[in-house]
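Note sheet for the following structure.
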Amino acid sequence: LGEGSFSSNSMRLLGIKLENVKAPIFVSQGYAVMEDVTAETNGGSVSGGVAMDLKNSVWGGTLSVLSADIEPLFKQAFPNIKGTIRGKGDLKMRVGGETGRMSTVKGGGILVMRKGDVSGFEAVEATRKFTNNKPLRFETIQATATYDGGNITILPGTQAIAPDGDPVYRNVMLDGLINKEKKISMFAMGKVNIRVLNVFLGALQGIINTGMDFKGTIDRTELFQNFLGGMLSGFAKDDFRFVTLNINGTPGSLIFSNVKVDKTVHNSSGKDMIPTSASDPENKDILNKDTRFRLSFEIPVGPGKNKTPSNVEGQVIEQTLENLLKNIDFGN
């Protein structure tokens, strides 16, 4: 039986800068526990804990980050990536596994980013001609994922929603798998400016199968001439349509297939305009104007167990993230 504490004014964990770290430590009856861990990172608050079963060599932990500045956090975590993401973000995750065996690690979490923009990535930079040379903006980005021994599953409900009146898109939704060999299998859908689709797919430099009247694959020149140049020529200057496509391949060699564009104008129900996927979530909130997809959950109004942060907004965000995580199967 023993107890102690760890503290640091400044340190780095996996490249991320942490300040004012406080971690009480308890060892008892074959268990080592760090609970009520608190810290600060890039303007946000950090809380969490970790426990280890010393006899069976297994561990598990939770981590919450609220209201952090995404730009420096992203650069610290991924220093070799050229692009930039700005905004405020919240993260909640839990993870566990066997000590010293990364192949056994399982976990998952949810990331929510608010009122920011993305720049520096090749495909995003190609849209600047439609944004008066400004970065690609987002009102919110919500990403929910699980991790299982190297395989990352992006869950249905992961989406980006644009600010009102954005010239590029209204919303984009994504789900699928990135396995341990970095092979991608995803489905994407969204309401986008059809003129931007041409530029965006071209910048990504993938092989595109239209999924319309052609079976197999065609190169980008054929796509622009036979599909985007023809089928899309009837769209107005800034015409937003629902688009669906499959994304496969690897990060350096993406393959786009079954690219479909909804050309029919519906005046009755926004729900009828939405192409479906076998992985679509059962609970959606659909608005006819901008069609937003949201996970269905309740926000508790009672006090949270965690004392950090102390403000009401932070408590609501943290409890909301926790409720979302309860509905995720982490393979435990």
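Just to be sure before I move on: is LEU14 touching a residue at least 24 places away in the same chain (Cβ under 8 Å), of a type in the set (A, V, I, L, M, F, W, C) and surrounded by fewer than 12 Cβ atoms within 10 Å (Cβ to Cβ) in the structure I sent?
Values: touching a residue at least 24 places away in the same chain (Cβ under 8 Å): yes; of a type in the set (A, V, I, L, M, F, W, C): yes; surrounded by fewer than 12 Cβ atoms within 10 Å (Cβ to Cβ): yes.
Criteria met by LEU14.
Does at least one position in segment 116-136 carry a residue that is buried (at least 17 other Cβ atoms within 10 Å of the Cβ), closer than 19 Å to ILE154 by Cα and not β-branched (Val, Ile, Thr)?
No: zero hits.
For the subset of segment 122-150 comprising residues that are in a loop (DSSP other than H, G, I, E, B) and in contact with a Ser or Thr (Cβ under 9 Å, 6 or more places away or on another chain), which member is farthest from PRO251 (Cα to Cα)? It would help to see each step written out before you state the result.
Step one: list which residues in segment 122-150 are in a loop (DSSP other than H, G, I, E, B), which gives 126-127, 131-135, 149-150.
Among the residues that remain, those that are also in contact with a Ser or Thr (Cβ under 9 Å, 6 or more places away or on another chain) are: 134-135, 149-150.
Numbers: LYS134: 25, PRO135: 22, GLY149: 19, GLY150: 16 Å.
Here the answer is LYS134.
How many residues are charged (D, E, K, R) and in contact with a helix residue (DSSP H, G or I) (Cβ under 9 Å, 6 or more places away or on another chain) if we restrict to segment 129-178? It would help to see each step written out before you state the result.
Let us first name the residues in segment 129-178 that are charged (D, E, K, R), namely 129, 134, 137, 139, 148, 164, 166, 170, 175.
Still in the running and in contact with a helix residue (DSSP H, G or I) (Cβ under 9 Å, 6 or more places away or on another chain): 129, 134.
Matching residues across segment 129-178 total 2.
Return a yes/no flag: does segment 76-91 have any residue that is out of contact with any His (no Cβ under 9 Å at 6 or more places or on another chain), part of a helix (DSSP H, G or I) and touching a residue at least 60 places away in the same chain (Cβ under 8 Å). Reasoning before the result, please.
Within segment 76-91, the subset out of contact with any His (no Cβ under 9 Å at 6 or more places or on another chain) is 76-91.
Checking the rest, the ones that are also part of a helix (DSSP H, G or I) come to 76-77.
With touching a residue at least 60 places away in the same chain (Cβ under 8 Å) added as a condition, the list becomes 76-77.
Yes; the residues of segment 76-91 include at least one that is out of contact with any His (no Cβ under 9 Å at 6 or more places or on another chain), part of a helix (DSSP H, G or I) and touching a residue at least 60 places away in the same chain (Cβ under 8 Å).
Is it the case that segment 66-89 has a residue that's at pLDDT below 90, more than 24 Å from the chain's Cα centre (by Cα) and either closer than 21 Å to ALA145 by Cα or surrounded by fewer than 18 Cβ atoms within 10 Å (Cβ to Cβ) (or both)?
Scanning segment 66-89 turns up no residue that is at pLDDT below 90, more than 24 Å from the chain's Cα centre (by Cα) and either closer than 21 Å to ALA145 by Cα or surrounded by fewer than 18 Cβ atoms within 10 Å (Cβ to Cβ) (or both).
Are there any pairs with C-beta distances below 6 angstrom linking a residue in segment 250-269 that is closer than 20 Å to ASN179 by Cβ and of a type in the set (Gly, Ala, Ser) to a residue that is surrounded by 13 or more Cβ atoms within 10 Å (Cβ to Cβ) and modelled with pLDDT of 80 or more, with the two at least 6 apart or on different chains, and if so which?
Filtered contacts from segment 250-269: SER257/ASN246.
Considering only segment 133-149, I want to know if a residue exists there that is closer than 17 Å to ARG170 by Cα and over 17 Å from the mean Cα position of the chain (by Cα).
Checked against the condition, which is being closer than 17 Å to ARG170 by Cα and over 17 Å from the mean Cα position of the chain (by Cα), segment 133-149 yields at least one hit.
Looking at segment 90-103, which of its residues are surrounded by fewer than 17 Cβ atoms within 10 Å (Cβ to Cβ) and modelled with pLDDT of 90 or more?
Keep residues of segment 90-103 that are surrounded by fewer than 17 Cβ atoms within 10 Å (Cβ to Cβ), which gives 98-103.
Selection gives GLU98 alone.
Can you name the residue in segment 145-161 that is free of Cβ contacts under 8 Å to residues at least 60 places away in the same chain and hydrophobic (A, V, I, L, M, F, W, C) and is also surrounded by the most Cβ atoms within 10 Å (Cβ to Cβ) among such residues?
From segment 145-161, those free of Cβ contacts under 8 Å to residues at least 60 places away in the same chain are 145, 147, 149-154, 158, 160; that's our starting set.
Applying the additional criterion that residues be hydrophobic (A, V, I, L, M, F, W, C) yields 145, 152, 154, 160.
Working: ALA145: 18, ILE152: 16, ILE154: 19, ALA160: 21.
Per the stated criteria, the residue is ALA160.
Of a type in the set (Asp, Glu) and closer than 17 Å to GLY89 by Cβ: is that true of GLU40 in this structure?
Numbers: of a type in the set (Asp, Glu): yes; closer than 17 Å to GLY89 by Cβ: yes.
Yes.
Say whether the condition of being touching a residue at least 40 places away in the same chain (Cβ under 8 Å), of a type in the set (Asp, Glu) and touching a strand residue (DSSP E or B) at 6+ places or on another chain (Cβ under 6 Å) is met by at least one residue in segment 37-58.
Within segment 37-58 (the criterion being touching a residue at least 40 places away in the same chain (Cβ under 8 Å), of a type in the set (Asp, Glu) and touching a strand residue (DSSP E or B) at 6+ places or on another chain (Cβ under 6 Å)), the answer is no, since none of the residues qualifies.
The values are calculated or read from the model by the stated rules, or taken from the named source; none is laboratory data. As the structure is a prediction and not an experimental result, all values here were calculated from the model. All Cβ positions, even for glycine, are placed from backbone atoms using ideal geometry, and neighbour counts span all protein chains on display.
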